[in-house]
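*Asks:* Below is one structure. I have some questions about it.
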Amino acid sequence: MSGGGRARSKARGLGPRPLGVRGFKSHPPHYTAQILLLLLILCPLAVIAEERGPRGTSYHIRVEIHPTLDLISGWEVVTWTNRGSSPVRELHLRLYPNAFSGQGGGILIEDAGPQEVVLNYSVSGPQNTTLILLLRDPVSPGDRVSFNVSFVITVPHIADRFGLSGDILALGNWHPIMSILRDGSWVDHPYFEHGECFYSEASDYLVEVIAPRGLVIAATGDLKSVEELDESRELQVWVAESVRDFSLTASWRYEISQATWGDVTVYSYYLPEHREGGEAVLQYALNAIRVFSEHFSPYPFSSFRVAEVEAWFGGMEYPQLIMVSGNFYTGDKRTLEMIVAHETAHQWWYSLVGNDQWEEPWLDESLAEYSQILYFEWVYGPKDAERGFWDFVGNPYYLYIEGGGEALPTGISVGQVADDPDAYRAAVYLRGAWSLRMLRSIIGDQPFFEALRIYASSHAYGIATSQDLIHAFEEAWGGDLNWFFQEWIFEGCVPSYNVTSVQGDSSLRVEIRQELTHCSQPSSPKKMPVELYFQPCGSEVKVWVNQTVVEATFDLNCTPEYVIPDPRDRIPGRDFAWASKWNQSKNVNSRRVNTPLLLAIASIGSLAVLLLLTIRRSSDIERDQ
Ligand SMILES: [Zn+2]
């Protein structure tokens with residue numbers, strides 16, 4: 001890459017001007033004209049927009065993609081509304097490309113203005129990812145301010161969500177995006193390579209992309225027009241509303257397949273050599289849009305795009321656009337389907353209902369991870385979902401904790417595990433999905449899914465917190481569920497159940513002990529309904545185990561030879577059954593991970609993924625799965 005914009009600027013005027021961009025103004029004309037244009041284009045959408053509630057920010061972006069695809073230059077006009085309670089004189093925007101400076105990427109801020117609005121600006125923060133504008137006059141609560149930022153982006157030559165690799169440009173988290181003002185302070189989390197750290201408001205976008213002719217672009221929103229500028233360039237106008245980000249991918253070689261479900265058109269972009277995978281992806285995405293629309297809330301846009309990229313991860317979610325690694329387009333389709341289902345679920349959990357992905361990553365990831373299992377259930381039936389659960393959640397979680405990993409709480413922040421992507425994935429994705437599955441078995445299907453619908457509708461286009469999700473479950477169920485979230489989301493460990501004694505004949509007295517394992521900081525005993533299976537009687541009962549030792553009495557017309565706790569392994573942890581011939585407990589739960597071979601048989605798909613990732617990078621299957 002030719003030098004250009006690798007730099008990070010700390011003051012205006014540093015660094016080179018964009019090179020080789022013919023006839024292109026790198027600065028906006030006058031920003032008020034841009035705002036008028038934005039309003040004009042978005043006006044027909046105003047009625048729908050009203051239903052989506054007030055948006056704090058709108059962006060008018062105009063960029064040119066250089067023919068080499070690794071240089072993007074342009075400007076944006078941002079209109080931001082102060083929805084806080086105090087005047088604000090300092091504005092923060094995030095510059096995530098600067099997190100890639102070590103790989104040759106970056107964003108150079110050329111200017112911020114106009115002068116009558118912006119007094120000065122600087123770039124600082126973790127990895128120089130924060131652009132700070134000091135305004136001449138404070139913005140009062142309820143007032144809005146418009147300003148413009150000119151920039152040059154250098155795209156690193158790497159296989160990532162922001163990178164140029166092979167024949168595909170992936171532009172994720174690329175443009176200067178408003179940070180969130182919370183309780184009077186700007187929230188500027190560091191960039192997190194192995195997952196998400198993004199935190200932005202639902203906003204409106206008008207994006208004009210000047211691109212070399214022949215370049216196929218997949219982007220957030222809808223393509224409104226294409227205009228030929230000259231023999232080598234065209235102008236594409238994309239419009240998106242109520243979205244938290246604007247992302248795009250592009251390739252000279254993309255092929256496109258499309259299909260519709262209801263009034264939603266789904267597009268799949270793939271390289272010609274991956275046509276079979278690309279067609280399969282289209283079907284998976286259609287399925288996902290359908291089942292999630294039916295069970296969560298209707299997909300709120302008329303288009304959804306899935307784009308193949310070159311990446312070390314499985315998939316990455318953006319509003320109305322997901323990136324899926326081309327590594328999965330050939331071979332085992334089950335994993336590809338899982339990835340598409342997971343990323344599509346993020347259209348509800350992240351895009352529709354936002355959250356602070358750094359502080360509460362479980363809100364979007366645990367829900368998306370469990371939604372991918374629900375996808376299998378709703379598309380193929382419960383048996384298939386059970387297989388999907390063990391392949392993609394249950395066995396990988398056992399593999400992690402039995403391999404020496406700690407059973408950390410699901411509700412950790414990214415900052416607590418930023419240096420350990422395996423721990424992050426186990427806690428936030430795997431344990432989180434498993435916990436939601438347990439919650440469903442405790443409160444029942446109807447309240448469980450009603451809660452998800454309440455959560456989706458109550459916080460659509462907004463930003464939710466852990467308490468909001470807990471309240472949705474409590475509202476749907478009609479009772480206190482704080483204890484469950486405390487034990488499984490905010491505390492770690494897994495319980496090991498041990499049937500330590502069985503006495504009596506027809507009236508059995510059974511003693512069950514629980515021990516919390518796989519954690520360095522034992523929490524108080526978990527309170528869970530534990531199934532007991534009496535063999536060969538064929539009877540099954542449920543006992544609430546809420547202390548370290550619990551005694552329960554049952555009337556059975558049968559003398560059991562075995563009493564097996566948690567026979568279907570609903571609750572993670574290694575359990576011990578009681579056997580009459582030993583008159584003591586033995587570890588007989590079949591699914592326990594005692595040998596890697598057993599796991600390999602049970603979870604070929606997961607191991608294939610692990611193998612692949614071992615080759616590519618020693619981190620999890622997806623930065624975002
Ligand atoms: Zn995810």
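The values are calculated or read from the model by the stated rules, or taken from the named source; none is laboratory data. Bear in mind that the values here come from a model prediction, so they are computed numbers and not experimental data. Please note: Cβ atoms are built from the backbone with ideal geometry, for glycine as well, and neighbour counts cover all protein chains shown.
*Asks:* Name, by its number, the condition in (1) out of contact with any strand residue (DSSP E or B) (no Cβ under 6 Å at 6 or more places or on another chain); (2) within 16 Å of the ligand (Cβ to nearest atom) that does not hold for SER242.
*Replies:* Looking at each condition in turn, SER242 falls short on (2).
*Asks:* Would you call THR335 assigned to a helix (DSSP H, G or I), within 16 Å of the ligand (Cβ to nearest atom), within 19 Å of LEU171 (Cα to Cα) and of a type outside the set (A, V, I, L, M)? Can you show your working first?
*Replies:* Details: assigned to a helix (DSSP H, G or I): yes; within 16 Å of the ligand (Cβ to nearest atom): yes; within 19 Å of LEU171 (Cα to Cα): no; of a type outside the set (A, V, I, L, M): yes.
Against the criterion (assigned to a helix (DSSP H, G or I), within 16 Å of the ligand (Cβ to nearest atom), within 19 Å of LEU171 (Cα to Cα) and of a type outside the set (A, V, I, L, M)), THR335 does not qualify.
*Asks:* What number of residues in the stretch 364-413 are among the aliphatic types (A, V, I, L, M), within 16 Å of the ligand (Cβ to nearest atom) and in contact with a Phe, Trp or Tyr (Cβ under 7 Å, 6 or more places away or on another chain)? Please lay out each step first, then the result.
*Replies:* So in the stretch 364-413, the residues among the aliphatic types (A, V, I, L, M) come out as 367-368, 373-374, 379, 385, 393, 399, 401, 407-408, 412.
Subset that is within 16 Å of the ligand (Cβ to nearest atom): 367-368, 373-374, 393, 412.
After this cut, where a residue has to be in contact with a Phe, Trp or Tyr (Cβ under 7 Å, 6 or more places away or on another chain) as well, the list is 367-368, 373, 393.
Residues meeting the conditions: 4.
*Asks:* Output the residues belonging to the stretch 365-411 that are in contact (Cβ under 8 Å) with a residue 24 or more places away in the chain, within 20 Å of ASP569 (Cβ to Cβ), in a helix (DSSP H, G or I) and small (Gly, Ala, Ser).
*Replies:* SER366, GLY388, GLY394
*Asks:* Evaluate the following for SER351: is it in contact (Cβ under 8 Å) with a residue 24 or more places away in the chain, of a type outside the set (D, E, K, R) and more than 16 Å from the ligand (Cβ to nearest atom)? Please lay out each step first, then the result.
*Replies:* Details: in contact (Cβ under 8 Å) with a residue 24 or more places away in the chain: yes; of a type outside the set (D, E, K, R): yes; more than 16 Å from the ligand (Cβ to nearest atom): no.
The answer is no for SER351.
*Asks:* Against the condition touching a His at 6+ places or on another chain (Cβ under 8 Å) and not basic (Lys, Arg), how does GLY405 come out, does it pass?
*Replies:* Values: touching a His at 6+ places or on another chain (Cβ under 8 Å): yes; not basic (Lys, Arg): yes.
Judged against the criteria, GLY405 is a match.
*Asks:* Just name the residue that is surrounded by the fewest Cβ atoms within 10 Å (Cβ to Cβ) out of those in the stretch 521-544 that are among the hydrophobic types (A, V, I, L, M, F, W, C) and closer than 17 Å to LEU508 by Cα.
*Replies:* So the first thing to find is which residues in the stretch 521-544 are among the hydrophobic types (A, V, I, L, M, F, W, C), and the list is 528, 530, 532, 534, 537, 541, 543-544.
Still in the running and closer than 17 Å to LEU508 by Cα: 530, 532, 534, 537, 541, 543-544.
Details: VAL530: 24, LEU532: 26, PHE534: 23, CYS537: 16, VAL541: 15, VAL543: 18, TRP544: 11.
Only one residue fits best here, namely TRP544.
*Asks:* Still on this structure, I have one more. Could you list all residues from the stretch 177-233 that are of a type in the set (Asp, Glu), assigned to a loop (DSSP other than H, G, I, E, B) and at negative phi? Spell out how you get there, then give the answer.
*Replies:* Of the stretch 177-233, the ones of a type in the set (Asp, Glu) are 183, 188, 193, 196, 201, 204, 208, 222, 227-228, 230-231.
Within this subset, residues satisfying the condition of being assigned to a loop (DSSP other than H, G, I, E, B) are 183, 188, 193, 196, 201, 230-231.
Scanning the stretch 177-233 gives ASP188, GLU193, GLU196, GLU201, ASP230, GLU231.
*Asks:* How many residues, within the stretch 405-422, are farther than 30 Å from ASP188 by Cβ and at pLDDT below 95?
*Replies:* Counting residues in the stretch 405-422 that are farther than 30 Å from ASP188 by Cβ and at pLDDT below 95 gives 0.
*Asks:* So, in the stretch 131-171, exactly how many residues are surrounded by 21 or more Cβ atoms within 10 Å (Cβ to Cβ), in a strand (DSSP E or B) and under 23 Å from the mean Cα position of the chain (by Cα)?
*Replies:* 7
*Asks:* Go through the stretch 186-212 residue by residue and tally those that are away from the ligand (no atom under 16 Å from the Cβ), over 18 Å from HIS92 (Cβ atoms) and either touching a Pro at 6+ places or on another chain (Cβ under 7 Å) or without any contact (Cβ under 8 Å) to a residue 60 or more places away in the chain (or both).
*Replies:* 1
*Asks:* Something else about it: SER242 is checked against (1) on the phi > 0 side of the Ramachandran plot; (2) in a loop (DSSP other than H, G, I, E, B) and fails just one. What number does that condition carry?
*Replies:* Single failed check for SER242: (2).
*Asks:* Which of the residues belonging to the stretch 283-300 are without any contact (Cβ under 8 Å) to a residue 40 or more places away in the chain and crowded, with 20+ Cβ neighbours inside 10 Å? First the steps, then the outcome.
*Replies:* Residues of the stretch 283-300 without any contact (Cβ under 8 Å) to a residue 40 or more places away in the chain: 283, 286, 290, 293, 298.
Passing the criteria: only LEU286.
*Asks:* Does the stretch 281-293 include one or more residues that are over 21 Å from GLY221 (Cα atoms), of a type in the set (A, V, I, L, M, F, W, C), outside the structural domain of ALA240 (by TED's automatic domain parsing) and assigned to a helix (DSSP H, G or I)? Give the steps one after another, and end with the answer.
*Replies:* Taking the stretch 281-293 and keeping what is over 21 Å from GLY221 (Cα atoms), we get 291.
Subsequent filtering for residues that are of a type in the set (A, V, I, L, M, F, W, C) retains 291.
Subsequent filtering for residues that are outside the structural domain of ALA240 (by TED's automatic domain parsing) retains 291.
Next, from what is left, pick out any that are assigned to a helix (DSSP H, G or I): 291.
Looking through the stretch 281-293, at least one residue is over 21 Å from GLY221 (Cα atoms), of a type in the set (A, V, I, L, M, F, W, C), outside the structural domain of ALA240 (by TED's automatic domain parsing) and assigned to a helix (DSSP H, G or I).
*Asks:* Give the residue, chosen from GLU337, GLU308, GLU279, GLU294, that is among the acidic types (Asp, Glu) and farther than 25 Å from ALA385 by Cα.
*Replies:* Every option except GLU308 fails the conditions.
*Asks:* Considering only the stretch 80-125, give the strands (runs of 3 or more DSSP E) lying wholly within it that have at least 3 residues that are closer than 16 Å to ASP188 by Cα.
*Replies:* On the way: elements: 88-94, 106-113, 118-124.
Answer list for the stretch 80-125: 88-94, 118-124.
*Asks:* Another question, if that's okay. For the stretch 548-566, which positions are surrounded by fewer than 20 Cβ atoms within 10 Å (Cβ to Cβ) and either among the basic types (Lys, Arg) or in a loop (DSSP other than H, G, I, E, B) (or both)?
*Replies:* Scanning the stretch 548-566 gives THR548, LEU556, ASN557, CYS558, THR559, GLU561.
*Asks:* Then there is this: Looking at this structure, is GLU343 part of a strand (DSSP E or B), under 15 Å from the mean Cα position of the chain (by Cα) and acidic (Asp, Glu)? Don't jump to the end; show me each part of the working.
*Replies:* On the way: part of a strand (DSSP E or B): no; under 15 Å from the mean Cα position of the chain (by Cα): yes; acidic (Asp, Glu): yes.
So GLU343 does not fit the description; no.
*Asks:* Give the residues of the stretch 297-332 that are away from the ligand (no atom under 16 Å from the Cβ), over 18 Å from ASP245 (Cα atoms) and of a type in the set (Ser, Thr, Tyr), sorted by residue number.
*Replies:* The answer is SER297, TYR329, THR330.
*Asks:* Just to verify a result, which residue in the stretch 180-205, among those that are within 18 Å of the chain's Cα centre (by Cα) and of a type in the set (D, E, K, R), is surrounded by the fewest Cβ atoms within 10 Å (Cβ to Cβ)?
*Replies:* As a first pass, look at the stretch 180-205 and keep what is within 18 Å of the chain's Cα centre (by Cα): 189-202.
Now drop any that are not of a type in the set (D, E, K, R), which leaves 193, 196, 201.
Working: GLU193: 17, GLU196: 23, GLU201: 23.
Ranking the candidates gives GLU193 first.
*Asks:* Related question: Could you please give the count of residues in the stretch 328-355 that are crowded, with 24+ Cβ neighbours inside 10 Å, polar (S, T, N, Q) and more than 14 Å from ALA368 (Cβ to Cβ)?
*Replies:* 0
*Asks:* Among the numbered criteria (1) closer than 18 Å to GLU196 by Cα; (2) assigned to a helix (DSSP H, G or I); (3) within 16 Å of the ligand (Cβ to nearest atom), which single criterion is violated by GLN416?
*Replies:* (3)
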